[in-house]
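Asker: This is the structure I want to talk about, given as C-alpha cells.
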Amino acid sequence: GESVGLHLPTLSVQEGDNSIINCAYSNSASDYFIWYKQESGKGPQFIIDIRSNMDKRQGQRVTVLLNKTVKHLSLQIAATQPGDSAVYFCAEIISNFGNEKLTFGTGTRLTIIP
Amino acid sequence: DAGVIQSPRHEVTEMGQEVTLRCKPISGHDYLFWYRQTMMRGLELLIYFNNNVPIDDSGMPEDRFSAKMPNASFSTLKIQPSEPRDSAVYFCASSSPPGQGATEAFFGQGTRLTVV
C-alpha cells in the first residue's frame, strides 16, 4: 500500500545562489526562535537563534528574520554550498514558570544543485 | 566534552520486549530532552527534565513509555512492552537555560529502534 508521511516542503537551489526557508508559528508566547540543520543520519545541529523581541539577526552566511505580526520566521542562507543540503527545522522555546520547552516544526528539505 | 552520548546506536527487538535507551548529557547542562523522529510525525518532544526533574511529559505517547533521570549525567527512556509502531529514531538533547544566553541544544547521534 501507499505509505503516508509528512509532506516535507522541499527547496532546490543552484549552488552559489541564496536560499530562503520559511516557517510559520502559532504560539505568541515563544521567547526564542531557533533554526536547526539536520544532515542525514545525524542529530539536529544549531544554526542561529533570535529572541522574540528582535526582528533580525545575522550570522556567518545566515540571516534570520522574525515577523511577529504574521507569526513568520525565515532563514536566509547566502551563497549556498553543497554542504548546505540538509533538512532545516525551525524551533521555539517557550518559558513556563522558569522552565524552557523546546519544540520543533516539520522541517524543510534543502537541496543544493551543483 | 564528547557531546551528548546515546546508546545503543541501533536496536532491533521483537514486539513485546522491553527496550531501554540511554543518554549521557553534556556535563553542566541543566536541561535534557527526549525526542522521537518518524516520517509520519517529524520530530516530537516526548519529555524534558530540568535539573533531573521531569517537567513536561505530555508528549509521551502511552503508559508503555517511561523516562528517568536518576542523576545529572544519565537518563533512560524505556518502552515496555514495545510495539512495531514504536519504530523510530530517538534523540536525546541537552542544553543550558536560555535565560543564561545559551539557547543551543546539543543532540546525540540518536538511537534507531526497530520493533519487529
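Asker: Kindly check whether there is at least one residue in the stretch B:93-112 that is under 15 Å from B:Ser27 (Cβ atoms), under 16 Å from the mean Cα position of the chain (by Cα) and open to solvent by 50 Å² or more (accessible area, probe 1.4 Å).
Answerer: So far as the stretch B:93-112 goes, yes, one or more of its residues are under 15 Å from B:Ser27 (Cβ atoms), under 16 Å from the mean Cα position of the chain (by Cα) and open to solvent by 50 Å² or more (accessible area, probe 1.4 Å).
Asker: May I pose another question? Can you run down the residue pairs with Cβ atoms below 6 Å, 6 or more apart or on separate chains, where the first is in the stretch B:42-68 and basic (Lys, Arg) and the partner is in a strand (DSSP E or B)?
Answerer: Close Cβ pairs (under 6 Å, with a partner that is in a strand (DSSP E or B)) amount to B:Arg64/B:Ile79; B:Lys68/B:Thr76.
Asker: Test A:Arg57 against the stated conditions and say whether it is in contact with a helix residue (DSSP H, G or I) (Cβ under 9 Å, 6 or more places away or on another chain), farther than 30 Å from B:Met60 by Cβ and more than 8 Å from chain B (Cβ to nearest Cβ). Spell out how you get there, then give the answer.
Answerer: Numbers: in contact with a helix residue (DSSP H, G or I) (Cβ under 9 Å, 6 or more places away or on another chain): no; farther than 30 Å from B:Met60 by Cβ: yes; more than 8 Å from chain B (Cβ to nearest Cβ): yes.
No: the conditions fail for A:Arg57.
Asker: Mind checking which residues of the stretch A:58-75 are part of a strand (DSSP E or B) and under 15 Å from A:Gly105 (Cβ atoms)? Give the derivation first.
Answerer: Of the residues in the stretch A:58-75, the ones part of a strand (DSSP E or B) are A:58, A:62-67, A:72-75.
Across the stretch A:58-75, the qualifying residues are A:Val64, A:Leu66, A:His72, A:Leu73, A:Ser74, A:Leu75.
Asker: So which residues in the stretch B:1-50 are open to solvent by 90 Å² or more (accessible area, probe 1.4 Å), at the interface with chain A (Cβ under 10 Å from one of its Cβ atoms) and either acidic (Asp, Glu) or part of a strand (DSSP E or B) (or both)?
Answerer: none
Asker: Within the stretch B:66-92, which residues are within 14 Å of another protein chain (Cβ to nearest Cβ), open to solvent by 30 Å² or more (accessible area, probe 1.4 Å) and among the small types (Gly, Ala, Ser)?
Answerer: Answer for the stretch B:66-92, where residues must be within 14 Å of another protein chain (Cβ to nearest Cβ), open to solvent by 30 Å² or more (accessible area, probe 1.4 Å) and among the small types (Gly, Ala, Ser): just B:Ser87.
Asker: Would you confirm whether any residue within the stretch B:85-92 is closer than 17 Å to B:His29 by Cβ, at pLDDT 95 or above and part of a strand (DSSP E or B)?
Answerer: Going residue by residue through the stretch B:85-92, those that are closer than 17 Å to B:His29 by Cβ are B:91-92.
From what is left, the residues that are at pLDDT 95 or above are B:91-92.
Checking the rest, the ones that are also part of a strand (DSSP E or B) come to B:91-92.
Checked the stretch B:85-92: at least one residue is closer than 17 Å to B:His29 by Cβ, at pLDDT 95 or above and part of a strand (DSSP E or B).
Asker: Take the conditions free of Cβ contacts under 8 Å to residues at least 24 places away in the same chain and more than 24 Å from A:Asp31 (Cβ to Cβ) and apply them to A:Arg57. Does it pass? I'd like the intermediate steps shown before the answer.
Answerer: On the way: free of Cβ contacts under 8 Å to residues at least 24 places away in the same chain: yes; more than 24 Å from A:Asp31 (Cβ to Cβ): no.
No.
Asker: Among all residue pairs at least 6 apart or on different chains, which show Cβ distances below 7 Å where the first residue, located in the stretch A:75-95, is farther than 26 Å from B:Leu45 by Cβ and acidic (Asp, Glu) and the second is open to solvent by 40 Å² or more (accessible area, probe 1.4 Å) and modelled with pLDDT of 95 or more?
Answerer: none
Asker: Within the set of pairs 6+ apart or on separate chains, which have a first residue in the stretch A:34-45 that is within 7 Å of chain B (Cβ to nearest Cβ) and under 13 Å from B:Tyr35 (Cβ atoms), a second that is open to solvent by 60 Å² or more (accessible area, probe 1.4 Å) and of a type outside the set (Lys, Arg), and C-beta atoms under 7 Å apart?
Answerer: These pairs meet every condition: A:Gly43/B:Gln109.
Asker: Hey, does the stretch B:99-111 have a residue that's more than 14 Å from A:Gly43 (Cα to Cα) and either more than 14 Å from every other protein chain (Cβ to nearest Cβ) or in a strand (DSSP E or B) (or both)?
Answerer: Step one: filter the stretch B:99-111 for residues more than 14 Å from A:Gly43 (Cα to Cα), giving B:99-103.
Filter once more, keeping what is either more than 14 Å from every other protein chain (Cβ to nearest Cβ) or in a strand (DSSP E or B) (or both): none.
Looking through the stretch B:99-111, none of the residues is more than 14 Å from A:Gly43 (Cα to Cα) and either more than 14 Å from every other protein chain (Cβ to nearest Cβ) or in a strand (DSSP E or B) (or both).
Asker: Same structure again: Condition test on B:Asp63, is it out of contact with any Gly (no Cβ under 6 Å at 6 or more places or on another chain) and either at pLDDT 95 or above or crowded, with 22+ Cβ neighbours inside 10 Å (or both)? Steps first, please.
Answerer: On the way: out of contact with any Gly (no Cβ under 6 Å at 6 or more places or on another chain): yes; either at pLDDT 95 or above or crowded, with 22+ Cβ neighbours inside 10 Å (or both): no.
Spelling it out, it is not the case that B:Asp63 is out of contact with any Gly (no Cβ under 6 Å at 6 or more places or on another chain) and either at pLDDT 95 or above or crowded, with 22+ Cβ neighbours inside 10 Å (or both).
Asker: Please specify each residue of the stretch A:96-114 satisfying the condition of being free of Cβ contacts under 8 Å to residues at least 24 places away in the same chain, open to solvent by 60 Å² or more (accessible area, probe 1.4 Å) and part of a strand (DSSP E or B).
Answerer: The one that is free of Cβ contacts under 8 Å to residues at least 24 places away in the same chain, open to solvent by 60 Å² or more (accessible area, probe 1.4 Å) and part of a strand (DSSP E or B): A:Asn96.
Asker: I would also like to ask the following. Give A:Lys37, A:Lys56 a once-over and let me know the one that is among the charged types (D, E, K, R) and surrounded by fewer than 19 Cβ atoms within 10 Å (Cβ to Cβ).
Answerer: Values: A:Lys37 fails: surrounded by fewer than 19 Cβ atoms within 10 Å (Cβ to Cβ).
On inspection, the qualifying residue turns out to be A:Lys56.
The values are calculated or read from the model by the stated rules, or taken from the named source; none is laboratory data. These numbers come from a predicted model, not from an experiment. For neighbour counting, all protein chains shown are included, and Cβ atoms are generated from backbone atoms with ideal geometry for every residue, glycine included. Accessible surface is based on the protein model in full, side chains and every heavy atom, while ligands, DNA and RNA are left aside. Shrake-Rupley method; radii C 1.70, N 1.55, O 1.52, S 1.80 Å.
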